[in-house]
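Have a look at the structure below before the remarks.
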Amino acid sequence: MWRNHGQDVQFLVVYVREAHALDSYLPKGGDEDPILEDPTTLAERQDVAKTCLTRLELEPMPMVVDTIDDAACRAYDAWPDRLYLIARDGRVAYQGGPGPDGFFPEELQSAILEELGLKQTSVNLPVADVVERLPMISDPDQYPALAGVQWLRAKEEWANARGYHQDISGIWKTTQELDPSVNGNFLCGDQWWSEKDANDYHSRLLRWWKIPSTHFVAYSTCDRVTTGSALQWMESTRRDLQRLFGMEPAVPPTVILLRSLIQYNDFANTRSDDGQVPPTSSGYSALHHAFPCERWLDAEANHEYPGAACAYWDNSSEAGKLWGPFAVRHAAAQAFVEGLDPSPLTIKAVQKNPTGEFSASAFWAEKKIPLWLRYGAAMYCERFFLEEKADDPRWARRWSLQELEDQGGLGPLNLLFRFSLDQKQVTRSRHLMFQAGALVAFLLDGNVPALEQKLFTFHRTLRTGTGIRNAVEALQAEIVLQEMALRRFVRP
């Protein structure tokens, strides 16, 4: 960000009170982190700041040091870390949340672009099969990482080259859509149709809508209004997933959203006319209303592997309308984690022979994020989340903890970590999913400093790509040590 905008924005690092000093409530230290006590003089704080500047490789970005009475830290409510953007006229153009849970550099980047007059908007292209996808990262040697503003600029260039432009509200539309005199809004095949007819056209498998939001992409056979609602539900999972994993995929995760249970089962189990094979070999689609598509390749995008997850939202019944958002949130989390932890060797073999044999065991053996944590993330987003703007933010969690209790409560942790799902044992498998969701709720919201420290270490290994399995084992070991607190936490 500093390299991209350093000529237009003055970046400044303000070193404030140490967040993980040995004499703090959350000490931290080791081979990669300096072990120190909180400085008591300005000279000591300046020395620590110099170490920070060097160890975090922040040079030549300028750094200043807060006074020992924490004047700047208190004025900006900045502990342990926080992002701000101050406009030229002195107003606060952006104020991030307290870190680490509220530390989102991409939000700061968006505010910078807006302040510079380069408004960063979502790329909701209201078109269908003419929407092509930027390359998905399935082979790191084949595709460069596309992230942040670079991805958005590439998307803008791609859209403009294909006749899409932004209207005054920032929504991407075709030239014909910008002209209200044109009869028909959506291109289906080679014809422009009304929204009703376009919804009918895209209600079939493999003729779905392809609609991206800011951080997710929907391949949907539902109507456009439902798909728009689904994308909002997907976006609502992002902050919790960032809290859990400390990062996000390089490209937006893909969710395949289908309009009925029948279509969902057809997609999961039936070969299509063009020779594609079922998207899953694990049978997980039979366990829940969403599943990871381990082997699904996008035939319309040169058999790219988007790491998709599938869900259904059936608007033909009241129950379907009620459960649709939950299924969408689950699938969004599954796709998010797949973007962080793909199986490149297995997928590369599938791309070479899309209709050949597929080894589900090899696919899952490549994973560094264990299945309990993957499903725990999905179940947290689906059922154990906290809805801050609701009158009762804990309504979903209370409901889910009671359901977990009715299923038999939290079982032995070693069985939960083993996390063996079986399509022939649906009740037991769903019980495991609920236990994993409750465990992730404890990780994120249990306020246990020792667990938070292990989770931060896990975040660091995910970002570097090394030591992930060791960090997971350390996290699991700490959970075992905190088992009594965990069992108190999950009581309804």
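Couple of notes before you dig in:
- Single residue of Leu416, Leu410, Leu421 found to be under 23 Å from Arg394 (Cα atoms) and not assigned by TED's automatic domain parsing to the domain that holds Asp240: Leu410
- Single residue of Glu318, Glu304, Glu300 found to be of a type in the set (Asp, Glu) and either crowded, with 24+ Cβ neighbours inside 10 Å or over 19 Å from Trp209 (Cβ atoms) (or both): Glu318
- Tally of residues being in contact (Cβ under 8 Å) with a residue 24 or more places away in the chain, surrounded by 15 or more Cβ atoms within 10 Å (Cβ to Cβ) and of a type in the set (A, V, I, L, M, F, W, C) across region 87-114: 5
- For region 447-470, filtered to residues that are over 21 Å from Phe384 (Cβ atoms) and among the basic types (Lys, Arg), the residue that is modelled with the lowest pLDDT is Arg463.
- Residue count for region 249-261, restricted to those that are more than 19 Å from Ser282 (Cα to Cα) and surrounded by fewer than 18 Cβ atoms within 10 Å (Cβ to Cβ): 1
- Scan region 48-77 for residues that are in contact with a helix residue (DSSP H, G or I) (Cβ under 7 Å, 6 or more places away or on another chain) and of a type in the set (A, V, I, L, M) and the total you get is 4.
- Among the residues of region 6-27, the ones that are surrounded by 12 or more Cβ atoms within 10 Å (Cβ to Cβ) and modelled with pLDDT under 70 come to 6 in all.
- Residues in region 379-409 that are outside any helix (DSSP H, G or I) and more than 26 Å from Gln242 (Cβ to Cβ): Gly408, Gly409.
- Flag if Gln435 is touching a residue at least 60 places away in the same chain (Cβ under 8 Å), surrounded by 12 or more Cβ atoms within 10 Å (Cβ to Cβ) and in the same structural domain as Glu483 (by TED's automatic domain parsing): no
- Condition check for Cys293 on (1) without any contact (Cβ under 8 Å) to a residue 60 or more places away in the chain; (2) surrounded by fewer than 21 Cβ atoms within 10 Å (Cβ to Cβ); (3) under 30 Å from Leu462 (Cβ atoms): one failure, at (2).
- Search result, residues across region 440-465 that are free of Cβ contacts under 8 Å to residues at least 12 places away in the same chain and of a type in the set (A, V, I, L, M, F, W, C): none
- Residue check for Glu473: at pLDDT 95 or above, part of a helix (DSSP H, G or I) and surrounded by fewer than 19 Cβ atoms within 10 Å (Cβ to Cβ): yes
The values are calculated or read from the model by the stated rules, or taken from the named source; none is laboratory data. Quantities reported herein were computed from a predicted structural model and do not represent experimental measurements. Cβ sites come from the backbone with ideal geometry, for glycine too, and all protein chains shown count toward neighbours.
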